[in-house]
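Working notes for the structure below.
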Amino acid sequence: MPKTTTQKPADGRRQRTERSRAAIVAAATELVQEGVLIPTAQQIAERAGVGLRTFFRHFEDMSTLFVAVDDSIRDEYIALTLGGDRKGTLDERIEHAVERHAEVYEQNTNIMLCTAAQRWKYDFLQKNYAKIQRGLRKDLDDWLPELTKIDKTYREAVDAIASFEMWHRMREHQGLSKSASREIVTTLIKDLLARQ
């Protein structure tokens, strides 16, 4: 019986610890999604409803927090690049691939901007950003196997055209709508592949 009594407080502490940790990760994600691209530990702790000491008990620095945030959202953004009807004519597949990538960019704009803004500072973010770029390139190859056979210069041009950076420039700096941006990317990729 005394064993059970000691077990319950330990379980309660563990559950509180897990709740605090989850609240911190959720708060960091929410702040970034709302446009706070470089949230401070103080801002995150306040949003999570915990003290700064509690924050640093769970995460020794911001880098370890970013790892936890990535773990919590990875399945969601990977799922956006999976599936889809990858059959059809080349033009149809280009349209579908651009549509799918546009959705990834639209849903993760602030996460990607946060990563880009801070990757110079954190090794994990540099590696993660590079891994995401490789994943998007591979996904484009899965949609359009023709890309593996074209001239290297044209292949790199397709990557640049289909990139988040290009998408963000059109949407944010040029003020273009989603449909206009999709049309531009689609047209440019079709034109490049037609030259091969």
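Considering only residues that are in a helix (DSSP H, G or I) and either free of Cβ contacts under 8 Å to residues at least 40 places away in the same chain or out of contact with any helix residue (DSSP H, G or I) (no Cβ under 6 Å at 6 or more places or on another chain) (or both), which ones fall in the stretch 148-162?
Taking the stretch 148-162 and keeping what is in a helix (DSSP H, G or I), we get 148-149, 152-161.
Matches in the stretch 148-162: THR148, LYS149, LYS152, THR153, ARG155, GLU156, ALA157, VAL158, ASP159, ALA160, ILE161.
With (1) in a loop (DSSP other than H, G, I, E, B); (2) at pLDDT below 90; (3) small (Gly, Ala, Ser) as the list, and GLY35 as the residue in question, which single condition is left unmet?
(2)
Could you list, in sequence order, the residues of the stretch 52-82 that are loosely packed, with under 13 Cβ neighbours inside 10 Å and small (Gly, Ala, Ser)?
Result: ALA79, single match.
Please count how many residues of the stretch 50-65 are touching a residue at least 24 places away in the same chain (Cβ under 8 Å) and within 23 Å of ASP123 (Cβ to Cβ). Working first, answer last.
Initially, the stretch 50-65 is screened for residues touching a residue at least 24 places away in the same chain (Cβ under 8 Å), giving 50, 54-55, 58-59, 62-63, 65.
When the remaining residues are screened for being within 23 Å of ASP123 (Cβ to Cβ), the result is 55, 58-59, 62-63, 65.
Of the residues in the stretch 50-65, 6 are touching a residue at least 24 places away in the same chain (Cβ under 8 Å) and within 23 Å of ASP123 (Cβ to Cβ).
So which pairs qualify, if the first residue must be in the stretch 97-116 and within 11 Å of ARG182 (Cβ to Cβ), the second must be assigned to a helix (DSSP H, G or I) and among the acidic types (Asp, Glu), the Cβ gap must be under 8 Å, and the two must be at least 6 apart or on different chains?
What qualifies is ALA97/ASP139; ARG100/ASP139; HIS101/ASP139.
Do the conditions hold for VAL98, that is, is it more than 25 Å from VAL36 (Cβ to Cβ), assigned to a helix (DSSP H, G or I) and aliphatic (A, V, I, L, M)?
Numbers: more than 25 Å from VAL36 (Cβ to Cβ): yes; assigned to a helix (DSSP H, G or I): yes; aliphatic (A, V, I, L, M): yes.
Taking the combined requirement at face value, the residue satisfies it.
So in the stretch 172-196, with the set limited to residues that are exposed (fewer than 14 other Cβ atoms within 10 Å of the Cβ) and part of a helix (DSSP H, G or I), which one is nearest to the chain's Cα centre (by Cα)?
So in the stretch 172-196, the residues exposed (fewer than 14 other Cβ atoms within 10 Å of the Cβ) come out as 172-175, 177, 179-180, 187, 191, 194-196.
Right, trim to part of a helix (DSSP H, G or I) and you get 172-173, 179-180, 187, 191, 194.
Values: GLU172: 18, HIS173: 20, SER179: 21, ALA180: 23, THR187: 25, ASP191: 28, ALA194: 31 Å.
For the stretch 172-196, the residue satisfying everything is GLU172.
Given the structure, is TRP120 outside the structural domain of MET62 (by TED's automatic domain parsing) and in contact with a helix residue (DSSP H, G or I) (Cβ under 6 Å, 6 or more places away or on another chain)? Give the steps one after another, and end with the answer.
Numbers: outside the structural domain of MET62 (by TED's automatic domain parsing): yes; in contact with a helix residue (DSSP H, G or I) (Cβ under 6 Å, 6 or more places away or on another chain): no.
Judged against the criteria, TRP120 is not a match.
Report yes if ARG86 is buried (at least 16 other Cβ atoms within 10 Å of the Cβ), in contact (Cβ under 8 Å) with a residue 12 or more places away in the chain and charged (D, E, K, R), otherwise no.
Taking the combined requirement at face value, the residue does not satisfy it.
Go through (1) part of a helix (DSSP H, G or I); (2) touching a Lys or Arg at 6+ places or on another chain (Cβ under 9 Å); (3) surrounded by fewer than 16 Cβ atoms within 10 Å (Cβ to Cβ); (4) in contact (Cβ under 8 Å) with a residue 12 or more places away in the chain one by one and return the number of the condition GLN126 breaks.
Exception for GLN126: condition (4).
Taking the conditions exactly as written (modelled with pLDDT of 90 or more, within 17 Å of GLN118 (Cβ to Cβ), surrounded by 14 or more Cβ atoms within 10 Å (Cβ to Cβ) and out of contact with any strand residue (DSSP E or B) (no Cβ under 7 Å at 6 or more places or on another chain)), does GLN42 satisfy them or not? Break it down into steps so the answer makes sense when it comes.
Values: modelled with pLDDT of 90 or more: yes; within 17 Å of GLN118 (Cβ to Cβ): yes; surrounded by 14 or more Cβ atoms within 10 Å (Cβ to Cβ): no; out of contact with any strand residue (DSSP E or B) (no Cβ under 7 Å at 6 or more places or on another chain): yes.
In short, no.
The values are calculated or read from the model by the stated rules, or taken from the named source; none is laboratory data. Here the structure is a predicted model, which means the values were calculated and not measured. Methodologically, a virtual Cβ is constructed for each residue, glycine included, from the backbone with ideal geometry; neighbour enumeration extends over all protein chains shown.
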